[in-house]
Amino acid sequence: MANTIHPVQHGLERRALVAFMALTAMAAVTLTGAMSSVFAQPAVTEVKVSLNAPFDGSNAAFFLAQEKGYFAAEGIAVNMDPSGGSGEVATRIGGGAYDFGFGDINVLLEFNAKNPASAGKAVYMLYYRSPLSIASFAKANINKPADLAGKKMGGSLTDGAYKLFPVYAGMTGVKPDSVKWEYGDLRLREAMLLKGDVEAILGFDSTMYFGLVRQGIKPADIKFLYYSDAGMDLYGNGIIASKKILETKPAVVKGFVAAAAKGWRDAVANPAAAIAALKKQAPLVDEKLEMEKLQWLIKNQITTLESTADGMGGVRAARLDKSVAVLSKAFDLPGKPTSADVFTNEFLPPLASRKLP
């Protein structure tokens, strides 16, 4: 006897088949859409950043920019490392190991003049008054440059203050051979002074000041001689980009600068937020001291008549040209370096986003 299919059963099977086919089509569309979404995601560019020092208040703004997603919004993933000072930053950038750095433009000038094939450029200025200085205790009686004669001084070979000391000495009449030197790691500089191994140390005022205060030294016992007071009207730290990334990925440079600029503007407006972001990356830092350090930098290095009028990031060509000429002569640099050899405004964000809050 032949099998027969009841009309009702046939109808049910037909509807089930139609439903299955519809679900299959929907799944295919969903999968295709998901895959398209994945492939449509913009590529993320990873960059290495050499900071100016160990993680501290002076570089907290970069961590704030990272935390707020400013780098991610530009399609950039940042890997930030501490350093032993601007000399190391320039070497890292010049060697191609790092894409960006935060360091002294004056140290960069010397490096570039001697290594033109690997010369990076500053793309965003942040320190409008150089913090380069000589710190000592009041008991050492170092009140003017001439008082350095016969003194034992401590410095780090990779630090910008040490590299530029010959310029300071030449402009103040200090004989280089009248100073005795003790060298050490940037992070041990204050310890050398505390132990009495040296009578003065070189570096950024804020770094040395807060390093000593952290060890219980009273602020009134700390004295400074500033390079700027000797006629060295220098710009200080800025964001530096490597030659390679400038030439091969200019869009990444533009994005990085835009993101970092937002982070710094936010840090100036709300230093506490920047220190909180720093604390997440370096849990052992002293929040109070690092907050004071950042506020010091904002007041003394970042906020000046120039940066208030012009906004952060750029430079005044005449001023930079003058300092380049002075340093080129003092260092006896090869060729004839110009401001264009160390700084470019090509990647600056719009002025509205660079105005001090």
Give the residues of segment 232-244 that are more than 17 Å from TYR127 (Cα to Cα) and either within 16 Å of the chain's Cα centre (by Cα) or not assigned by TED's automatic domain parsing to the domain that holds PHE71 (or both), sorted by residue number.
SER242
Could you say which residue among ALA273, ALA260, ALA267 is touching a residue at least 12 places away in the same chain (Cβ under 8 Å), among the hydrophobic types (A, V, I, L, M, F, W, C), in the same structural domain as ASN345 (by TED's automatic domain parsing) and under 29 Å from ILE134 (Cα atoms)?
ALA267
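Could you tell me whether GLY154 is on the phi > 0 side of the Ramachandran plot, assigned by TED's automatic domain parsing to the domain that holds LYS175 and not in a helix (DSSP H, G or I)? Spell out how you get there, then give the answer.
Details: on the phi > 0 side of the Ramachandran plot: no; assigned by TED's automatic domain parsing to the domain that holds LYS175: yes; not in a helix (DSSP H, G or I): yes.
Taking the combined requirement at face value, the residue does not satisfy it.
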Pick out the one residue from TYR124, TYR98 that is in contact with a Lys or Arg (Cβ under 7 Å, 6 or more places away or on another chain) and either within 30 Å of LYS355 (Cα to Cα) or at pLDDT 95 or above (or both).
TYR98
Some residue of segment 141-151 being among the polar types (S, T, N, Q) and within 22 Å of ALA260 (Cα to Cα):
no
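Within segment 231-262, how many residues turn out to be under 17 Å from LEU327 (Cα atoms) and crowded, with 17+ Cβ neighbours inside 10 Å? Break it down stepwise before answering.
So in segment 231-262, the residues under 17 Å from LEU327 (Cα atoms) come out as 231-237.
Subsequent filtering for residues that are crowded, with 17+ Cβ neighbours inside 10 Å retains 232, 234-237.
Number satisfying all stated conditions: 5.
Does at least one position in segment 195-205 carry a residue that is outside the structural domain of ALA65 (by TED's automatic domain parsing), part of a helix (DSSP H, G or I) and either within 20 Å of the chain's Cα centre (by Cα) or modelled with pLDDT under 95 (or both)? Before you say what the answer is, go through the steps one by one.
Within segment 195-205, the subset outside the structural domain of ALA65 (by TED's automatic domain parsing) is 195-205.
Retained after the next criterion (residues that are part of a helix (DSSP H, G or I)): 205.
Narrowing further to those that are either within 20 Å of the chain's Cα centre (by Cα) or modelled with pLDDT under 95 (or both): 205.
Yes: segment 195-205 contains one or more residues that are outside the structural domain of ALA65 (by TED's automatic domain parsing), part of a helix (DSSP H, G or I) and either within 20 Å of the chain's Cα centre (by Cα) or modelled with pLDDT under 95 (or both).
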Checking VAL107 against (1) assigned by TED's automatic domain parsing to the domain that holds ALA259; (2) without any contact (Cβ under 8 Å) to a residue 40 or more places away in the chain; (3) closer than 22 Å to TYR209 by Cβ, the condition it does not meet
(2)
Please verify whether segment 93-101 includes one or more residues that are within 23 Å of ALA330 (Cα to Cα) and surrounded by fewer than 22 Cβ atoms within 10 Å (Cβ to Cβ).
no
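For segment 170-190, which residues satisfy the criterion of being in contact (Cβ under 8 Å) with a residue 24 or more places away in the chain and in a helix (DSSP H, G or I)? Before you say what the answer is, go through the steps one by one.
Residues of segment 170-190 in contact (Cβ under 8 Å) with a residue 24 or more places away in the chain: 170-175, 178-187, 189-190.
Once the filter is applied, which keeps residues that are in contact (Cβ under 8 Å) with a residue 24 or more places away in the chain and in a helix (DSSP H, G or I), segment 170-190 yields GLY170, MET171, THR172, SER178, LEU186, ARG187, ARG189, GLU190.
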Quick one: SER228 ticks every box in (1) of a type in the set (Ser, Thr, Tyr); (2) under 29 Å from the mean Cα position of the chain (by Cα); (3) surrounded by 17 or more Cβ atoms within 10 Å (Cβ to Cβ) except a single one, so which number is it?
(3)
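In segment 167-182, is there at least one residue being of a type outside the set (A, V, I, L, M, F, W, C) and surrounded by 19 or more Cβ atoms within 10 Å (Cβ to Cβ)?
Step one: of segment 167-182, the residues of a type outside the set (A, V, I, L, M, F, W, C) are 168, 170, 172-173, 175-178, 180, 182.
Adding the requirement that they be surrounded by 19 or more Cβ atoms within 10 Å (Cβ to Cβ) leaves 168.
Yes; the residues of segment 167-182 include at least one that is of a type outside the set (A, V, I, L, M, F, W, C) and surrounded by 19 or more Cβ atoms within 10 Å (Cβ to Cβ).
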Top-ranked residue of segment 286-344 - restricted to ones that are among the small types (Gly, Ala, Ser), part of a helix (DSSP H, G or I) and out of contact with any helix residue (DSSP H, G or I) (no Cβ under 8 Å at 6 or more places or on another chain), ranked as surrounded by the most Cβ atoms within 10 Å (Cβ to Cβ)
SER307
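The values are calculated or read from the model by the stated rules, or taken from the named source; none is laboratory data. If you're wondering where the values come from, they're calculated on a predicted model, not measured in any experiment. Here Cβ is always computed from backbone atoms with ideal geometry, including for glycine, and neighbour counts include all displayed protein chains.
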